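Reviewing the structure listed below.
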Amino acid sequence: MLRRSTLAATALLAAGVLALTACAGGGAEPSPSATGEPDPDASVAIRLVLEPGNLDIRETAGAALDQILVDNVYQGLVARTPEQDIVPALASDWTVSPDGLTYTFTLREGVTFHDGQALTPQDVVWSLTTRKNTPEWSDSSRLANVTSIAAEGQEITLTLAQPDSSLLWNLTGRAGIVLKEGDTVDYQTAANGTGPFVLDDWRQGDSITFARNDAYWGEAAGVAEVVFDYIPDNQAALNAALAGEVDVVTGFDANLQEQIEENGDFALVLGKSTDKGTLAFNQTSGPLADERVRQAIRQAIDHDAIVEALGSGQAQYGPIPELDPGYEDLADVAPYDPDAARALLEEAGEEDLELTLTIPNFYATTIPQILVSDLNEVGITLEVESVDFPTWLNDVYINKDYELSFVLHTEARDFENWADPEYYFTYDNPEVQELYAQSLAATDESEAAELLAEAARIVSEDAAADWLYNGASVIAVGTNIAGMPSINVNERLSLAEIAKSNG
């Protein structure tokens with residue numbers, strides 16, 4: 001989930017995800033053989049991959065923060081389910097005017113922050129206004145279209161300059177987080193939200209612990225404690241699970257299913273996600289400025305073989321995954337066809353092409369190995385340059401100094417990056433930018449989705465990138481665990497419903 005506004009990012013990626021970090025009842029999936037009565041005093045240990053560098057969700061980019069803090073610690077007027085539905089949170093309900101210019105939210109009464117202070121309408125007005133007026137705060141630009149934010153009694157009213165079909169969605173993320181006005185908390189190391197869990201402890205380099213918020217305005221969390229154990233290596237995570245040190249393993253390797261399920265204590269659960277394995281092309285100069293070369297690369301890659309090698313997920317041929325509005329199966333745009341790829345390269349005069357793939361070093365070698373092999377088959381020599389993430393962030397994301405790059409973008413509804421010529425993708429198509437603007441201005445959801453689908457097809461037909469696969473949320477869940485989310489867990493991990501039994 002890298003956006004142009006996240007240049008200050010310090011920890012955005014997890015192994016296998018651009019954690020820009022790793023289905024029933026709102027994406028909460030009980031283990032198939034969960035038994036016994038839930039223990040309200042239980043502690044649940046969850047393996048995560050990438051630890052955040054700090055906890056300041058106002059300014060520090062990265063899904064490593066969103067994954068654990070949003071929903072659990074911090075909340076907004078509205079929230080999103082794992083299935084991407086928008087639901088009430090600190091607002092009990094809301095209305096939108098027919099012209100799409102006025103949003104009115106009814107703030108719940110009796111809500112308190114974790115420090116015991118009451119949530120007031122003024123806190124909401126201050127939070128949203130400060131977010132809008134502070135460019136250093138993440139997603140500040142998402143409120144740029146809002147002209148006024150006011151409160152009257154428990155009603156909060158947002159007035160827009162023009163319709164914005166993405167506003168409610170944006171309010172489910174960082175743009176909508178409600179903080180306490182005048183709070184003196186050290187956001188780098190502490191937190192003061194309204195959610196079902198309180199930040200209890202952070203052992204940097206090891207774990208983060210949440211404790212149940214007994215003063216929570218909603219239904220109390222099902223466990224007394226959640227411990228996030230940061231274990232980057234999959235084999236180490238498997239060993240921790242088999243040793244009984246963790247109850248849930250996220251960001252897991254589906255190919256290790258047999259090992260983790262062998263003793264019957266865990267079950268592998270696959271959920272949908274908006275993870276997009278994206279092969280970016282720097283189109284500013286050189287061979288990749290030629291659409292024929294980019295298309296040749298796309299048709300040289302066997303997407304089905306990638307999915308098979310990963311053991312999970314599905315093929316994807318465009319910028320919008322199945323869970324997002326505007327999705328369309330675009331397999332017809334770039335079918336696997338090495339002969340067609342060779343012909344395109346010959347036509348472009350690039351039959352002995354040498355390219356460099358820059359990839360963060362926490363990714364497994366599976367993807368680079370397949371790319372090297374597939375491209376070699378059509379006459380492209382691919383050199384793989386594996387770098388640490390700060391180097392990738394500086395060279396690729398900030399300075400756009402790369403030829404090919406691979407990361408897994410986890411964020412939902414991030415098509416905006418294809419409408420931003422300044423983004424590191426280097427893609428610039430005015431028609432796509434206009435269609436995206438029209439989708440934002442649409443007051444009808446289906447119309448907005450149709451415009452996105454039209455724009456997404458153009459992006460794919462331009463061979464703006466290659467989308468190697470749409471990843472699955474792969475988690476190993478203890479058989480005594482219920483209510484563990486299974487959809488889009490690399491992006492958001494709401495744990496209010498998780499439960500653990502002793503049986």
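The values are calculated or read from the model by the stated rules, or taken from the named source; none is laboratory data. Computed from a prediction, not measured in an experiment: that's the story for all the values here. Positions of Cβ are backbone-derived with ideal geometry, glycine not excepted, and every protein chain shown enters the neighbour counts.
Filter segment 150-159 for residues that are of a type outside the set (S, T, N, Q) and surrounded by fewer than 20 Cβ atoms within 10 Å (Cβ to Cβ) and give the result. Working first, answer last.
Narrowing segment 150-159 to residues of a type outside the set (S, T, N, Q): 150-153, 155-156, 158.
Correct list: Ala150, Ala151, Glu152, Gly153, Glu155.
The helices (runs of 4 or more DSSP H) located wholly in segment 161-274 that include 2 or more residues which are more than 26 Å from the chain's Cα centre (by Cα) occupy 234-242, 257-261.
Checking each residue in segment 275-310 for being among the hydrophobic types (A, V, I, L, M, F, W, C), in contact with a helix residue (DSSP H, G or I) (Cβ under 8 Å, 6 or more places away or on another chain) and outside any strand (DSSP E or B) picks out Leu288, Val293, Ala296, Ile297, Ala300, Ile301, Ala305, Ile306, Ala309, Leu310.
Hey, does segment 450-471 have a residue that's at pLDDT below 95, closer than 30 Å to Ile46 by Cα and either in contact with a helix residue (DSSP H, G or I) (Cβ under 7 Å, 6 or more places away or on another chain) or not basic (Lys, Arg) (or both)? Checking segment 450-471: at least one residue is at pLDDT below 95, closer than 30 Å to Ile46 by Cα and either in contact with a helix residue (DSSP H, G or I) (Cβ under 7 Å, 6 or more places away or on another chain) or not basic (Lys, Arg) (or both). Residues in segment 424-466 that are outside any helix (DSSP H, G or I), surrounded by fewer than 19 Cβ atoms within 10 Å (Cβ to Cβ) and of a type in the set (Ser, Thr, Tyr): Thr443 alone.
So, Ser141, is that one touching a Pro at 6+ places or on another chain (Cβ under 9 Å) and either crowded, with 21+ Cβ neighbours inside 10 Å or modelled with pLDDT under 95 (or both) or not?
Details: touching a Pro at 6+ places or on another chain (Cβ under 9 Å): yes; either crowded, with 21+ Cβ neighbours inside 10 Å or modelled with pLDDT under 95 (or both): yes.
In short, yes.
One residue stands out among those in segment 376-403 that are surrounded by fewer than 17 Cβ atoms within 10 Å (Cβ to Cβ) and touching a helix residue (DSSP H, G or I) at 6+ places or on another chain (Cβ under 6 Å): the one that is nearest to Gly286 (Cα to Cα), which is Asp401. Taking the conditions exactly as written (under 30 Å from Leu353 (Cβ atoms), over 19 Å from the mean Cα position of the chain (by Cα), among the polar types (S, T, N, Q) and surrounded by fewer than 23 Cβ atoms within 10 Å (Cβ to Cβ)), does Ser373 satisfy them or not? In short, yes.
Among the residues of segment 308-322, is any in contact with a Pro (Cβ under 8 Å, 6 or more places away or on another chain) and crowded, with 17+ Cβ neighbours inside 10 Å? Taking every residue of segment 308-322 in turn, none turns out to be in contact with a Pro (Cβ under 8 Å, 6 or more places away or on another chain) and crowded, with 17+ Cβ neighbours inside 10 Å. Restricting Ala190, Ala243 to residues that are surrounded by fewer than 22 Cβ atoms within 10 Å (Cβ to Cβ), under 18 Å from Val73 (Cα atoms) and among the hydrophobic types (A, V, I, L, M, F, W, C) narrows the list to Ala190. None of Gly271, Gly205, Gly182 is over 30 Å from Thr104 (Cα atoms), out of contact with any Leu (no Cβ under 9 Å at 6 or more places or on another chain) and either of a type in the set (Val, Ile, Thr) or surrounded by fewer than 17 Cβ atoms within 10 Å (Cβ to Cβ) (or both) except Gly205.
Please determine whether any residue of segment 239-247 is among the small types (Gly, Ala, Ser) and closer than 21 Å to Val407 by Cβ. Working first, answer last.
In the first step, residues of segment 239-247 are kept if they are among the small types (Gly, Ala, Ser); the result is 240-241, 243-244.
Imposing the further condition that a residue be closer than 21 Å to Val407 by Cβ reduces the set to none.
Looking through segment 239-247, none of the residues is among the small types (Gly, Ala, Ser) and closer than 21 Å to Val407 by Cβ.
Could you go through segment 39-57 and let me know if any residue there is farther than 15 Å from Ala175 by Cβ, of a type in the set (Ser, Thr, Tyr) and out of contact with any helix residue (DSSP H, G or I) (no Cβ under 6 Å at 6 or more places or on another chain). Yes, because at least one residue in segment 39-57 is farther than 15 Å from Ala175 by Cβ, of a type in the set (Ser, Thr, Tyr) and out of contact with any helix residue (DSSP H, G or I) (no Cβ under 6 Å at 6 or more places or on another chain). Does Leu171 qualify as being within 21 Å of Leu101 (Cβ to Cβ) and at pLDDT 95 or above? Yes. As a summary of the residue check, Thr147 satisfies the conditions (1) in a helix (DSSP H, G or I); (2) modelled with pLDDT of 95 or more except for the one numbered (1). Answer with yes or no whether Ala419 is modelled with pLDDT of 95 or more and within 30 Å of Ser43 (Cα to Cα). No, not satisfied. Residues of segment 467-502 that are surrounded by fewer than 24 Cβ atoms within 10 Å (Cβ to Cβ) and acidic (Asp, Glu): Glu497 alone. Considering only residues in segment 360-370 that are outside any strand (DSSP E or B) and of a type outside the set (S, T, N, Q), the one that is surrounded by the most Cβ atoms within 10 Å (Cβ to Cβ) turns out to be Ile367. For segment 354-370, the count of residues that are modelled with pLDDT under 95 and among the small types (Gly, Ala, Ser) is at least one.
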